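K.L.:
Before I ask anything, let me first share the structure, which is written out below as structure tokens.
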Amino acid sequence: MDVIPRWADVILIPLFSLVLAALLSAGVILAIGEDPVAAVKMMVNGALGSTYGWGYTLYYATNFVFTGLAVAVAFHARLFNIGGEGQATLGGLGVALVCLDLPWPHWILALPAAMAAAGLFGAVWAAIPAWLQARRGSHIVITTIMFNFIGAALLNYLLVNVMRPDGAMDPATRKFPPGTHLPTLHDILGLVGVPFSKAAPANISFLIALGACVLVWALIWRTRLGFQIRALGHSEPAAVYAGIRPVRIVMLTMLISGALAGCMAINNVMGEAERLVLNSVEGAGFIGIAVALMGRNHPFGVLLAAILFGFLYQGGAELALWTNIPRELIVVIQALVILFTGALDNMVRIPLERIFLTLRKRGA
Amino acid sequence: MEQHRPPDPAIELKGISKAFGSVQANKGIDLRVMPGTIHGIIGENGAGKSTLMSILYGFYKADAGEVFIHGQRTRIPDSQAAIRAGIGMVFQHFKLVQNFTVLENVILGAEDGRRLRPELFRARGALKRLAEDYELIVDPDAKIEDLGVGMQQRVEILKALYRQADILILDEPTGVLTPAEADHLFRILDNLRAEGKTILLITHKLREIMAITDTVSVMRRGEMTATVNTAETSPEHLAELMVGRKVLLRVDKPLATPGKTVLEVEDLRVTDSAGVARLKGISLNVRAGEILGIAGVAGNGQSHLLEVLGGIRPATGTVRVNGAPIDLSGRCSDGQSRRARGVAHVPEDRQREGLIMEFAAWENMAFGYHHAPAYQKNALLMDNAAIRADTVTKMGHFDIRPPNPNLAARNFSGGNQQKLVLAREIEQHPDLLVVGQPTRGVDIGAIEFIHQRIVALRDAGKAVLLVSVELEEILSLSDRVAVMFDGRIMGERQAAQTDEKELGLLMAGMHGGAD
Amino acid sequence: MDFVSLIAVLDSTIRLATPLLLACLAGLFSERAGIFDIGLEGKMLSAAFFSAATATITGSVGLGLLAGVAASMGLAGLHGLASITFRGNQLISGVAINFLAAGLTVVIAQDWFQQGGRTPSLLGAARFGPLTLPFAQTLRDVPVLGPVYHDLISGHTVLVYVAFAMVPLTWWVLFRTRFGLRLRAVGEAPEAVDTAGVSVTGTRYAAVAICGLLCGIAGAYLATALQAGFVKDMTAGRGYIALAALIFAKWRPWYALWATLLFGLLQAVALRYQSIDLGGVTVPVQLMDALPYILTVVILAGFVGRAVPPRAGGTPYVKEK
Amino acid sequence: EPALIYDLGGKFDKSFNEAAHTGAQRWSTETGQTYREIEMQSEAQREQALRRFAEAGMNPIVMTGFAFGAVLEEVAPDYPDTTFAIIDMKVEAPNVRAVEFAEHEGSYLVGMMAAMASKTGTVGFIGGMDVPLIRKFACGYVQGAKASNPDIAVIQNMTGTTPSAWNDPVKGGELTRAQIAQGADVIYAAAGGTGVGVLQTAADEGILSIGVDSNQNHLHPGQVLTSMVKRVDVAVHEIFSAGTAVETGTFALGLADDGVTYAMDDHNAALVSGEMVTAVEDAKAKIISGEITVHNYMSDNTCPVQ
Ligand SMILES: Nc1ncnc2c1ncn2[C@@H]1O[C@H](COP(=O)(O)OP(=O)(O)OP(=O)(O)O)[C@@H](O)[C@H]1O
Ligand SMILES: Nc1ncnc2c1ncn2[C@@H]1O[C@H](COP(=O)(O)OP(=O)(O)OP(=O)(O)O)[C@@H](O)[C@H]1O
Ligand SMILES: [Mg+2]
Ligand SMILES: [Mg+2]
């Protein structure tokens, strides 16, 4: 249990796992006749080599932080929320309604309102599966999957039939008015004199995501509610013994989880697209599962995993721009990263433990 | 150690060592057990007894050392090898499949054919014979989850015998048994010994060691410190060997000076989810400065009584604490409101209910008291530093080892886990302590300590309601004893004026003398 | 609904339920042994691709089926390696396998066939054809029984009959054989199996392999029986629906049959009655599209009680650490 | 160096992205020059790809799909020296060439053919995701079918509401069977990868189908009645050939300029009677001359016929 020092567990193991994933990915790239070294260089350069690259990396990371936190919070109560996709979709609807239907003089006012709406819509979409789980015992994995499909159908209906401006091809709302446009990292960092790419979509939502990480951390490890969530997650009989009410905690946890997923919409809908399009979530809800699991359900881990995935997305986009590597290969690389860092970590840990044990024996 | 030449020892261990990470659980252990004998092994919690037995059974792999079975050097890489070598083991925590029937559990892994039906048929016959031979009577078609622990243990023994074990290891078999069940078990062990089988028995109860074993070994901190013939030793001596100091085997307590009534229970009734009446009109009261012991064979409603008082289970009837009634409907009253009313509850099952095994000691110290004002930094946040400091203090009071508040509950020994729960509940200075099976599976050093603390609480003028299946414990701790049978109180006695025999009759549902 | 369209809907139900049923039974074997598997989707997808690709190249659907099963079992082995040998997180491993299959199938397909991640259409013997059961033609004109036998029961590909036969077979294996006893035990209490002298690892690998086999058949059915070739992402979420059906079925074979038939039926009905006119108000197509999912939730909430998964499910077996 | 950006469906969607690819390839082999291309993976990449290519000096930059409209409106003014071309969407900017196709007109013609080829008096339409563009296809098709046979019944279905609706051939096949059960014997698929399933099942069940975007007649020779071809390849080829000198403004490609048409080749020659060709050619001429107007769903979000 205490064979490996914590720093090695937190740094060395993910690092070696990433190296393994990278080696295997290089093998695949070689197999389709491309140059893996150049590809890695391009990915790293494209994603991290410029403020422009960072701007995209952080933009994607912001999405994954929200959905990852949503999964992580629920997981502490041992609720497996697969519904991030649907909740984020509904969050987008909330943002769109707020941004389009009210005259906003300035984003400072629009942002809290949009966040509230996004959170509320996401929470509502999580509340029904939560209630069914808590009261009727319907398995939350099924109900949240079903609610993803139902959410997609609902949004499709609204965008095609109700919210689409007349004559527009695109099943999307009209552009949000300028009063709702969020400042980008370019604008924000410009205030303190740091130059940052103007073109990248990373915006103030990233800072809010960072704030969400801190809040979730405090919620889980510093508040009574978090204490009760974790207790219930570890043992329901013990929780009941301590006077913790499972139904209440399940509901609260899922509401928070759904609200977090919903809040993703301030980044992609309000911050980037500035209108609501079909399928705006683009699988970020599912990536959130991988992010949460890889981040060991800890907000800081979630942040790191989200940035890793942001890197893979943006690096992958650069590859797609400048090479003939097909975009599905990026998916393969993501899969290998998830596999090695998330599921095969013991493959690295076990030999490492041996090394540390012999080192210690020699030291002693 | 005396050196018989023939016959070969049934079991001989040489230099067995085993480390878990940095914990050295067994250090160069040697052991010889003669065939046809019952060999006891004692030692404090965490001394390494279970580890050693698990190695012998192939469940763990030893880092070093050799095993000889009937003089033959035997490698035991897995349980299958152990079974082949004729070893059977009844683990401290049973290894049964809860939703399988007895029969299915017995044949699991010992099936000869690929199809199940003939196997089940054969096993049914074998079980019938075993039942006749050893009084091991169980319903072969009952689901394990519906059986009491005593029955589950029989299934474990049957599993070993069905595999024709001639060496049987029992790890704390009586920890969860009622006295009657324990007596039954010892009769069976006697029979097995008479048949020439060899038995290794781990227990914390010196009385059992004295009653049934031929030889006994003592373990301390991973080492085998002594092996003696039972006939040549005494409980006091063994206790000293085990703990390294003199241990009081009886509780010395001053006379009680009961004050006002703290707990009044009237006509308490509970029906469980299956619709079975579990409490059928319980009335009792406990006064400040006294310990009321509830005796009874497990399954007669004591657990339900504890759960109702602890706020886990709704009931009908009246319960008053310090004169004010508490809500029993389960709607607006739960564990939280009980605690607010000065009721502390030590549950029977520390691992399932009393602790969150993954939580650190300090988190467990706040468990159930997470709303306590002393533990809050402000309206939003808990004051973890304060909780940690408080935990260190309480760990000191209760001599919990290791005194590390950051260690997860899982990593404390059973005795220390129990002390964690007791420290948490007792140190709240409740008006009423409701406590179930306070010393189950705990070594004698810790038992002594726990008993002292419960008495100290009484002497501080608090009321204690104690539920235990250990009659000895009930008799030595309580001031008054109530006996439960079939959801009713069969009778109440002053502890000083009764004995195990009289209580035993009441526990069996027979009214003895005047009430 | 008249009799003919009833038969047509039920016929469609059978076709739609078959891949779900196979995947659901696959998940059943795995999860009953304590290995959660959200990678059903990925395994099916890889099987769909490799069966179609091999059938295209060799012209033999039999070889295609074998290749599909082999690919699926390969991924199952990977899942086993991660979750049994290396005691990794089973959910992550499943997610990774889904990604891996989604990416690799297209990359390889593009490399082999240059048709944009698709295989060429399968013709003739490269595809499973419908079987006509004995007497189907003769009985055709018998009222009621004839259409039921000829149109509904007869005329499916062999894999459909395999899928339905798998239900009693699964039941028999699980509840009537030694292997089944051990498999169920290992999902409930692996330590009991271990101390009884049976290999937990071996039993779990066997279960995972069977899961791979059945997912393989499911994938091959999609690509070489129902369709005539592979299209990227052609499983379209069926693995997740199968997972839902598995929980719905409370991890029992016969319930799995009813659950997947129910899902199939709901889909078939939704497909056929996309725009219903309710007294002037047209129900939007989106509502009909979502109807199977809504009804699932309703049924789940109303009629199916708490589903208790195998006790040791999702947790790797660690006896000493 | 020109650049081509494909929409989310991807380069090989057997549909209009693939047609764009074909056009670019043809240009490349003819001229021996190279071009850059990228397939979108996410919404955020649209703007990214546009800007990156523009900054790297690619010119002209062609993108397929209406979804680029909103982004292009924003990006185009930032790069006044770059010429952009967008397929399937009207964007008004001095440096943008917008190319729209009259899919409703092409669909009208194949609708007529379907009605004439049908023996049951029922024909079908299967769309992918329910989006306005697909309704535009459907609406033109129904108009054509009704024009040819006022009593014809047209069954319309959409595959689903998530993006998997474009890649679910199994569901496409089931929808086809469902329509067949309702009497349809000619089915028009406008559903991307799902359409592969529709054509396959139609062939299996021995009825006729109609392909879309590219010429899909060869997929099942003798069983695909025709394909509603949208000459995205021609449009892309034209733009690439003109290079930086490409003319900007809005271009509507209809029947007149062969932007949309119905496909005739060896594979369907036996299926299409002379009578059919005459009728269709006649309608085509009338549409071009304005004698017949085919209602465009996009103009008012409604379809006059069902
Ligand atoms: N699986 C394990 N992983 C890590 N450490 C372990 C494990 N099992 C036992 N230990 C450690 O080994 C030591 C010996 O444990 P063991 O179970 O043998 O004690 P014991 O004598 O049986 O105690 P008890 O009387 O409580 O049953 C303890 O210090 C314990 O912390
Ligand atoms: N995974 C583990 N890591 C560290 N220590 C462990 C682990 N599992 C068990 N132990 C320790 O092993 C010892 C014996 O554990 P075991 O489960 O046999 O008995 P217990 O229930 O803890 O004690 P008791 O017999 O007193 O009830 C204890 O000290 C326990 O804390
Ligand atoms: Mg022990
Ligand atoms: Mg113990």
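The values are calculated or read from the model by the stated rules, or taken from the named source; none is laboratory data. Just so you know, these numbers come straight off a predicted model, no measurement behind them. All Cβ positions, glycine included, derive from the backbone under ideal geometry; neighbour counts span all protein chains shown. For accessibility, only protein heavy atoms count, side chains too; no ligands or nucleic acids. Shrake-Rupley method; radii C 1.70, N 1.55, O 1.52, S 1.80 Å.
K.L.:
Select from region A:284-317 the residues that are open to solvent by 20 Å² or more (accessible area, probe 1.4 Å) and facing another protein chain (nearest Cβ under 10 Å) and list them in ascending order.
P.N.:
Selection gives A:Phe286, A:Met294, A:Arg296, A:Tyr313.
K.L.:
So, one more: I'd like the full set of residues that are free of Cβ contacts under 8 Å to residues at least 40 places away in the same chain and under 24 Å from the mean Cα position of the chain (by Cα), limited to region C:281-298.
P.N.:
Residues satisfying the conditions are C:Met288, C:Asp289, C:Ala290, C:Leu291, C:Pro292, C:Tyr293, C:Ile294, C:Leu295, C:Val297, C:Val298.
K.L.:
Ok, one more. Which of the helices (runs of 4 or more DSSP H) contained wholly in region B:355-455 include at least 3 residues that are within 16 Å of ligand 2 (Cβ to nearest atom)? Can you show your working first?
P.N.:
On the way: elements: B:361-366, B:384-397, B:414-426.
Ranges flagged: B:414-426.
K.L.:
Of everything in region C:99-148, what is of a type in the set (Phe, Trp, Tyr) and over 23 Å from C:Val4 (Cβ atoms)? Give them in sequence order. I'd like the intermediate steps shown before the answer.
P.N.:
As a first pass, look at region C:99-148 and keep what is of a type in the set (Phe, Trp, Tyr): C:99, C:112-113, C:128, C:135.
Of everything in region C:99-148, those that are of a type in the set (Phe, Trp, Tyr) and over 23 Å from C:Val4 (Cβ atoms) turn out to be C:Phe99, C:Trp112, C:Phe113, C:Phe128.
K.L.:
Return the residues of region C:209-234 that are over 14 Å from the mean Cα position of the chain (by Cα) and more than 12 Å from chain D (Cβ to nearest Cβ); say none if nothing qualifies.
P.N.:
Correct list: C:Ala209 only.
K.L.:
Sort out which residues of region B:32-60 are within 14 Å of chain C (Cβ to nearest Cβ), within 16 Å of ligand 2 (Cβ to nearest atom) and out of contact with any strand residue (DSSP E or B) (no Cβ under 7 Å at 6 or more places or on another chain), and write them in order of number. Don't jump to the end; show me each part of the working.
P.N.:
The first filter runs over region B:32-60 and keeps only residues within 14 Å of chain C (Cβ to nearest Cβ), leaving B:48, B:50-60.
Retained after the next criterion (residues that are within 16 Å of ligand 2 (Cβ to nearest atom)): B:48, B:50-57, B:59-60.
Those that are within 14 Å of chain C (Cβ to nearest Cβ), within 16 Å of ligand 2 (Cβ to nearest atom) and out of contact with any strand residue (DSSP E or B) (no Cβ under 7 Å at 6 or more places or on another chain): B:Ser54, B:Phe59.
K.L.:
Further, regarding this structure: Considering only region A:318-364, how many residues are among the basic types (Lys, Arg) and open to solvent by less than 10 Å² (accessible area, probe 1.4 Å)? Please lay out each step first, then the result.
P.N.:
As a first pass, look at region A:318-364 and keep what is among the basic types (Lys, Arg): A:327, A:349, A:354, A:360-362.
Applying the additional criterion that residues be open to solvent by less than 10 Å² (accessible area, probe 1.4 Å) yields none.
Residues flagged as among the basic types (Lys, Arg) and open to solvent by less than 10 Å² (accessible area, probe 1.4 Å) within region A:318-364 amount to 0.
K.L.:
Please go through (1) under 20 Å from the mean Cα position of the chain (by Cα); (2) away from chain B (no Cβ under 14 Å) for C:Asp151 and return the number of the only condition it doesn't satisfy.
P.N.:
In the conditions (1) under 20 Å from the mean Cα position of the chain (by Cα); (2) away from chain B (no Cβ under 14 Å), C:Asp151 misses (1) alone.
K.L.:
May I pose another question? Taking region A:313-339 only, how many residues are farther than 19 Å from C:Asp233 by Cβ and touching a Pro at 6+ places or on another chain (Cβ under 9 Å)?
P.N.:
0
K.L.:
Of everything in region A:312-363, what is out of contact with any helix residue (DSSP H, G or I) (no Cβ under 7 Å at 6 or more places or on another chain) and among the polar types (S, T, N, Q)? Give them in sequence order.
P.N.:
A:Asn324, A:Asn346, A:Thr358
K.L.:
From the list B:Gly396, B:Gly445, B:Gly436, B:Gly342, which residue is surrounded by 21 or more Cβ atoms within 10 Å (Cβ to Cβ) and among the small types (Gly, Ala, Ser)?
P.N.:
The conditions single out B:Gly436.
K.L.:
Read through the list (1) modelled with pLDDT under 95; (2) over 30 Å from D:Leu50 (Cβ atoms), then give the number of the only condition that A:Ile256 fails.
P.N.:
(1)
K.L.:
If you take the residues of region A:146-172 that are away from chain C (no Cβ under 14 Å) and in contact with a strand residue (DSSP E or B) (Cβ under 8 Å, 6 or more places away or on another chain), which of them is most open to solvent (accessible area, probe 1.4 Å)?
P.N.:
Looking at the filtered set, the residue picked out is A:Asp170.
K.L.:
Same structure again: Condition first: more than 16 Å from ligand 3 (Cβ to nearest atom) and free of Cβ contacts under 8 Å to residues at least 12 places away in the same chain. Can you find one or more residues in region B:16-27 that meet it?
P.N.:
Checking region B:16-27: at least one residue is more than 16 Å from ligand 3 (Cβ to nearest atom) and free of Cβ contacts under 8 Å to residues at least 12 places away in the same chain.
K.L.:
Before we move on, is B:Gly301 under 20 Å from B:Glu470 (Cβ atoms) and either small (Gly, Ala, Ser) or assigned by TED's automatic domain parsing to the domain that holds B:Thr498 (or both)?
P.N.:
Yes.
K.L.:
Can I ask one more? Kindly provide the set of residues from region B:232-285 that are assigned to a loop (DSSP other than H, G, I, E, B) and closer than 27 Å to B:Thr318 by Cα, ordered by number.
P.N.:
B:Ala256, B:Thr257, B:Pro258, B:Gly259, B:Lys260, B:Asp272, B:Ser273, B:Ala274, B:Gly275, B:Val276
K.L.:
Another question about this same structure. Would a scan of region B:59-69 turn up a residue that is open to solvent by less than 30 Å² (accessible area, probe 1.4 Å) and away from ligand 1 (no atom under 16 Å from the Cβ)?
P.N.:
Within region B:59-69, one or more residues are open to solvent by less than 30 Å² (accessible area, probe 1.4 Å) and away from ligand 1 (no atom under 16 Å from the Cβ).
K.L.:
Just need a number here: residues in region B:178-188 that are without any contact (Cβ under 8 Å) to a residue 40 or more places away in the chain and in contact with a helix residue (DSSP H, G or I) (Cβ under 9 Å, 6 or more places away or on another chain).
P.N.:
Looking only at that region, the number is 4.
K.L.:
Only one of (1) more than 11 Å from every other protein chain (Cβ to nearest Cβ); (2) assigned to a loop (DSSP other than H, G, I, E, B) is not met by A:Leu260, so which one is it?
P.N.:
Result: A:Leu260 fails condition (2) only.
K.L.:
Here's a check for you: in region B:166-209, which residue that is in contact with a Lys or Arg (Cβ under 8 Å, 6 or more places away or on another chain) and in a loop (DSSP other than H, G, I, E, B) is nearest to ligand 3 (Cβ to nearest atom)? Spell out how you get there, then give the answer.
P.N.:
Looking only at region B:166-209, we keep the residues that are in contact with a Lys or Arg (Cβ under 8 Å, 6 or more places away or on another chain), and these are B:166-168, B:171, B:174-176, B:199, B:202.
Narrowing the set further to residues that are in a loop (DSSP other than H, G, I, E, B) leaves B:166, B:174-176.
Details: B:Asp166: 23, B:Thr174: 13, B:Gly175: 9, B:Val176: 13 Å.
Among them, the one singled out is B:Gly175.
K.L.:
If you don't mind, another one. Applying the selection to region B:18-36, what residues are open to solvent by less than 30 Å² (accessible area, probe 1.4 Å) and either more than 9 Å from ligand 1 (Cβ to nearest atom) or among the charged types (D, E, K, R) (or both)?
P.N.:
Within region B:18-36, B:Lys18, B:Ile29, B:Leu31, B:Val33, B:Gly36 meet the criteria.
K.L.:
Would you point out which residue out of C:Phe135, C:Phe175, C:Phe128 is surrounded by 14 or more Cβ atoms within 10 Å (Cβ to Cβ) and of a type in the set (Phe, Trp, Tyr)?
P.N.:
C:Phe128
K.L.:
Could we say that C:Ala185 is in contact with a Leu (Cβ under 7 Å, 6 or more places away or on another chain) and within 12 Å of another protein chain (Cβ to nearest Cβ) here?
P.N.:
Spelling it out, C:Ala185 is indeed in contact with a Leu (Cβ under 7 Å, 6 or more places away or on another chain) and within 12 Å of another protein chain (Cβ to nearest Cβ).
K.L.:
Please identify the pairs in which a residue from region B:417-442 that is within 22 Å of B:Asp171 (Cβ to Cβ) and more than 16 Å from ligand 4 (Cβ to nearest atom) has its Cβ atom under 6 Å from the Cβ atom of a residue that is modelled with pLDDT of 95 or more and part of a helix (DSSP H, G or I), counting only partners at least 6 apart or on another chain.
P.N.:
Correct list of pairs: empty, since none qualify.
K.L.:
Moving on to the next point. Is it the case that region D:156-178 has a residue that's open to solvent by less than 10 Å² (accessible area, probe 1.4 Å), in contact with a His (Cβ under 8 Å, 6 or more places away or on another chain), in a helix (DSSP H, G or I) and not hydrophobic (A, V, I, L, M, F, W, C)?
P.N.:
no
K.L.:
Here's something else I'd like to know. Does B:Gln92 meet the test of being away from ligand 3 (no atom under 16 Å from the Cβ), surrounded by fewer than 24 Cβ atoms within 10 Å (Cβ to Cβ) and in contact (Cβ under 8 Å) with a residue 40 or more places away in the chain?
P.N.:
Values: away from ligand 3 (no atom under 16 Å from the Cβ): no; surrounded by fewer than 24 Cβ atoms within 10 Å (Cβ to Cβ): yes; in contact (Cβ under 8 Å) with a residue 40 or more places away in the chain: yes.
It is false that B:Gln92 is away from ligand 3 (no atom under 16 Å from the Cβ), surrounded by fewer than 24 Cβ atoms within 10 Å (Cβ to Cβ) and in contact (Cβ under 8 Å) with a residue 40 or more places away in the chain.
K.L.:
Would you check which residues across region B:347-393 are of a type in the set (Lys, Arg) and closer than 22 Å to B:Gly310 by Cα and list them?
P.N.:
B:Arg350, B:Arg352
K.L.:
May I pose another question? Is it the case that some residue within region B:394-408 is within 16 Å of ligand 3 (Cβ to nearest atom) and of a type in the set (A, V, I, L, M, F, W, C)?
P.N.:
The answer is no, given that none of the residues of region B:394-408 is within 16 Å of ligand 3 (Cβ to nearest atom) and of a type in the set (A, V, I, L, M, F, W, C).
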